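Derivation of every value follows stated rules applied to the coordinates shown; laboratory data play no part. Everything numeric here is computed off the predicted structure, so don't read it as measured data. Note that we place each Cβ from the backbone using ideal geometry, even for glycine, and neighbour counts take in every protein chain shown.
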Amino acid sequence: MDCESVKQELYVYLDREQLTVFRRRQITRHLDRCRNCSDLKEFQEMWRTVVATRSQDPVPEALRRRIDDLLTSALDEEPGTH
Ligand SMILES: [Zn+2]
């Protein structure tokens with residue numbers, strides 16, 4: 001799988017259940033060896049945590065800073081977004 005396909009399916013991947021076992025394994029394998037995509041996955045997971053907990057607790061400062069870092073590096077890798 002290439003990075004574009006992984007990025008497109010990352011939301012589904014994190015939603016569980018929606019992908020076949022085979023497809024999940026393909027994505028997992030890509031995430032294991034692709035730093036960009038695993039960073040993106042980490043970001044998505046943290047973002048979900050933030051969204052899920054935002055209504056109850058304020059976001060911890062350390063987590064927010066980590067998300068900022070990831071978001072910045074993710075944007076840096078997208079050409080033409082600045
Ligand atoms: Zn990738």
Proxy exposure order for LEU63, LEU31 (fewest C-beta within 10 Å first) is LEU63, LEU31
Expressed in nm to one decimal, what extension gain is obtained for the pair VAL50 and ALA74 from 0.36 nm per residue of sequence separation less their Cα-Cα distance?
6.9 nm
Here the stretch 42-53 yields Karplus 3J(HN,Hα) values (6.51, -1.76, 1.60; θ = phi - 60°; whole Hz; Gly and Pro given as x) of 4, 4, 4, 5, 5, 4, 4, 4, 4, 4, 5, 9
Taking ARG25, ARG35 and counting other beta carbon atoms within 10 angstrom, the fewest-first order is ARG35, ARG25
What's the extension gain from GLN8 to ARG65 if we count 0.36 nm per residue and subtract their Cα-Cα distance?
18.0 nm
The extension gain from PHE22 to SER38, computed as 0.36 nm times the residue separation minus the Cα-Cα distance, is 3.9 nm
Could you estimate the translational diffusion coefficient of the stretch 3-77 from the Stokes-Einstein equation, with Rh from the Kirkwood formula over C-alpha pairs, at 20 °C and 1.002 mPa s, in whole µm²/s?
162 µm²/s
